[in-house]
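The block underneath contains the structure these notes are about, expressed in structure tokens.
What follows draws every value from the coordinates through simple rules; no lab data is involved. Everything quoted here is computed from the prediction, not taken from an experiment. Note that each Cβ is placed from the backbone with ideal geometry, even for glycine, and that neighbours are counted across all protein chains shown.
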Ligand code: SAH
């Protein structure tokens, strides 16, 4: 089995040696030509997952209400940037905008900006948001720097790559990806050289059908500062994940908000406290598969470490609100009232659909236990929902 991104990764490993999981997942998802998000519409016929805005319009409507409330708390700046990171099909933004049409001044003041890596998804967003003339960006750097920004993001951070560290008998090491075929030729490639020179510091695990294998390499001492002290003596096989990409994203965003004013809202699956565990999931055709298989065809995601996100934001002087659970957030924004209003003009079947959607968005074994975090500057007034 071969995909363009798999061939690219094998060449990189042959040139540069074992590849850390952050670099690997970064290439798989967002390589500018071959990445999973670049090549296809991940929500298409082969779509692998369903997200809250795709379950019900009520989700985007609540986020719209949150943004409008925040805009008022900021003193109704005109103009301002309404930015969505990773907008998928554009459904959330579309519902948020429709729900806020009648808020005096809000639509006149807002400019819609979208941070999106995928050309296929940009096309879908263009269709969904054709009445709002959105501006697209590949990174935060190209955003205007002269007006406040309100950012919303659902299931964006979990798509950013993370590195994985693991406890072995020799202490903490870093998980890497190697080309398994190299095992047959111990002198081939960087991995081969490392194994030949320092066999006790390098080990490889199972080979996958992709021809990739996993390995562990020593962790430079300074990298230990990334692992919370409480985990330094964790038992063998414990895994700790750190996402340099999410960390950098939050810090860059916060630096902008500090200068320009603004606020941000992130919703994702993850944990409130630092946690051990392997959160990397590969989903291919609705099934969990090994991350080194279906490379480039499977969606990869991590669990979001909200404590690390909060720490990155505080380091840039942001006020952090939450994290709270999605269930609590949506209810305090009035999703139940909205559901009742929708049901008034609905057929019996539609009523049932609304109830089902409500359960999926709010019950703890569905999406109700997703976490929500808010970031603000200056004004300490708590945003809605927290
Ligand atoms: N928010 C949407 C989609 C979530 S999927 C929803 O809730 O339905 C993740 C989204 O982030 C996709 O739009 C994907 O193309 C985008 N994305 C992933 N990595 C990205 C990156 N590095 N830069 C910009 N967008 C990215």
Of all DSSP beta bridges with both partners in the chain, the antiparallel percent, nearest 5, is 65
So for the range 231-386, Kirkwood radius off the Cα pairs, Stokes-Einstein at 20 °C and 1.002 mPa s: how many µm² s⁻¹? 119
Just rank 163, 39, 258, fewest to most, by other beta-carbon atoms within 10 angstrom. 258, 39, 163
Any idea what % of Cα-Cα pairs in the range 228-269 are farther than 15 Å? 62
Which of 262, 171, 270 fluctuates most in a GNM of the chain (C-alpha springs under 10 Å)? That residue is 171
quick note, the range 209-325, DSSP beta bridge pairs, % antiparallel (nearest 5) is 75
Could you line up 269, 377 from fewest to most neighbouring Cβ atoms inside 10 Å? 269, 377
Rg to Rh quotient for the range 119-171, alpha carbon positions, Kirkwood Rh: 1.19
Inter-centroid distance (Cα atoms) of the range 116-135 relative to the range 213-263, Å: 32
Please report Rg over Rh for the range 1-153, where both radii come from the alpha carbon positions and Rh follows the Kirkwood definition. 1.06
Paramagnetic reach from residue 232 (point 7 Å along Cα→Cβ, amide N under 18 Å) across the range 147-183: 165-174
Taking the Cβ of each residue in 25, 376 as the centre, tally the other Cβ atoms inside 10 Å and list the residues starting with the fewest. 376, 25
C-alpha long axis of helix 244-260 to longest principal axis of the chain, angle in °: 40
Computed Rg/Rh of the chain, alpha carbon atoms with Kirkwood Rh: 1.00
The range 243-315: C-alpha pair distances exceeding 17 Å, %: 54
How far is helix 4-16 tilted, in degrees, relative to the longest principal axis of the Cα atoms in the chain, given as a value from 0 to 90 rounded to the nearest 10? 50
Spatial extent of the range 52-142: Rg and Dmax, with the Cα atoms as the point set, Å: 12.6, 37
Distance in Å, no decimals, from the C-alpha centre of the range 362-376 to the one of the range 320-339 is 8
Near-label residues of the range 352-380 by backbone N, under 12 Å of a point 7 Å along Cα→Cβ of residue 50: 353-354, 356-361, 367
Whole-Å semi-axes of the range 275-337's equivalent ellipsoid (Cα gyration tensor): 30, 20, 9
The chain: most fluctuating residue of 358, 349, 257 per GNM, C-alpha cutoff 10 Å: 349
